[in-house]
Amino acid sequence: MKKYQRLAQQLIEQIDLGVWQPGDRLPSLREQVVSSGMSFMTVSHAYQMLESQGRIVARPQSGYYVAPRAVSKKPAPPARVISDESVDINTCIFEVLQASREPSVLPFASAFPDPHLFPLRQLNRSLAQVSKTASAMSVIENLPPGNRELRHAIARRYALQGIPVSPDDIVITAGALEALNLSLQAVTEPGDWVIVENPCFYGALQALERLRLKALAVASDVKDGIDLDALAQALATWPVKACWLMTNSQNPLGFTLSAEKKARLVALLAAHNVVLIEDDVYSELYFGREKPLPAKAWDRTDMTLHCSSFSKCLVPGFRIGWVAAGKHARRIQQLQLMSTLSSSSPMQLALVDYLSTRRYDAHLRRLRRQLAERKQLAWQAMLRYFPSEVKIHHNDSGYFLWLELPAHLDASELSERALAHHISIAPGKMFSTSGAWRPFFRFNTSWGWGEKEDSAVHTLGDLIRQMLK
Ligand SMILES: Cc1ncc(COP(=O)(O)O)c(C=O)c1O
């Protein structure tokens, strides 16, 4: 295939995937030259070819636009695996998150739980204690892999679930995000293929973009989670290096994979010698009786890097996370030395102090109960105020609800209209490189439910009704 044909093919795939919708302006010839690295002649040849096929139209003085869609009788089935050679999502995520950080905005788009749910007084007491007792040497003692006592405390929590993790295999990081990013970097080279879920936590897409990795987005279902048949197909077709996914309280969909599915997932990846990077930041926020196991519990071949943190269940601002990295622990420490050096020493020491008070589990029990109650209240308000065309996908963990508007509506438009009323939501396009999730949005239900929140849901309902007209 010639270069211009390859570019034309890529653009057709992007249009079919919904990256570019009918009426969208395509990158100009000049922009395409810069982003593709191809010559002006090649790019303009590709655009002319698409124009002659009726896929795009040229508008004088304005540029090239995606042609209106021909009416097809039967919609194509949704792709179960979507390949994406270059991920470009950071700008969109940054814009949504920035807009929702205004203090006057109700942060239903936020990924963090309401900070009032955390034991701030006790944590402050631990910090004060550390400031009195920390020695000069403690700064050095807490370099990678991180504070020894903290690693032991984390290893004991794995042991309570019957998962053998040595404190020596744990690396303390600046939140789960650093754990995940370092894990991905440790097992890939730029240009490698990595499996993610579709939809997935946007941090995974940003990491792929930053490390110049290629994405294979495997379909995930709101109830059952990742499609293992599609995963098997992706593993059989592409030379995959790693798979980054969530097995408990997935962000944004909220499902927890069944034990049977976790076991099959681990077996499937092991058969293809593919590393699993397991993002388990919401593992403490289950609503049932027992804490669900991570997929790592089924791993017998040291192929799973299990990443988590205290950010969602105790204190986001300390920025303390970890990875149970097994044989990759050494490489991860080397990468950490080259980037952030270590996570903050006083914060590690304060956590050790807090955990030694043995109040953590009582706090977690209270937190889970409050989150479940608040999710229920948000759900009831949505039932009251949202038109019946909106589907609310309920789940029994964490603090997100996944909402589905009628297929012809765009949640990004709802997000823009809602922001004008000082309400933020997280539109579906943040969680995927394909356009398939446009009618969906994620809603954070962790905030204390009062008049303001109730009236905001009422306003959202009214805005959806206006869009439906
Ligand atoms: C699914 C998921 N993974 C990882 C992170 C990052 O966690 P941390 O704040 O511990 O870095 C987040 C934060 O929003 C998240 O939602």
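Nothing in this text is a laboratory measurement; each read-out follows from the coordinates by a stated rule. All values derive from a computational prediction rather than experimental measurement. No Cβ is skipped: glycine too gets one built from the backbone with ideal geometry, and neighbour counts run over all protein chains shown.
Some values worked out for this structure:
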| quantity | calculated |
| --- | --- |
| Rounded to the nearest 20 debye, dipole of the chain from Cβ charges on Lys, Arg, Asp, Glu | 400 |
| Unsatisfied cross-links (Cα-Cα over 29 Å) in the set 2/429; 214/375; 132/291; 132/296; 241/262 | 2/429; 214/375; 132/291; 132/296 |
| 193, 298 arranged by Cβ crowding within 10 Å, fewest neighbours leading | 298, 193 |
| Packing-based exposure ordering (other Cβ within 10 Å, fewest first) of 15, 56 | 15, 56 |
| Whole-number D in µm² s⁻¹ for the chain, Kirkwood Cα-pair radius fed into Stokes-Einstein, 37 °C, 0.692 mPa s | 138 |
| Nearest-20 debye value, region 391-447 charge dipole, Cβ charges on Lys, Arg, Asp, Glu | 40 |
| For region 119-360, average projected area of the Cα convex hull in nm² | 12.5 |
| Among 351, 377, 364 - extreme Cα towards positive end, dipole of region 337-378, charges at beta-carbon | 377 |
| Region 3-76 pair-distance distribution - Cα-Cα, 5 Å bins, rounded % | 3, 17, 27, 28, 15, 5, 3, 1 |
| Assigned charges on the beta-carbon of Lys, Arg, Asp, Glu; region 1-126 dipole about Cα centre (debye) | 240 |
| Ranked 19, 196, 87, criterion: other C-beta atoms within 10 Å, fewest first | 19, 87, 196 |
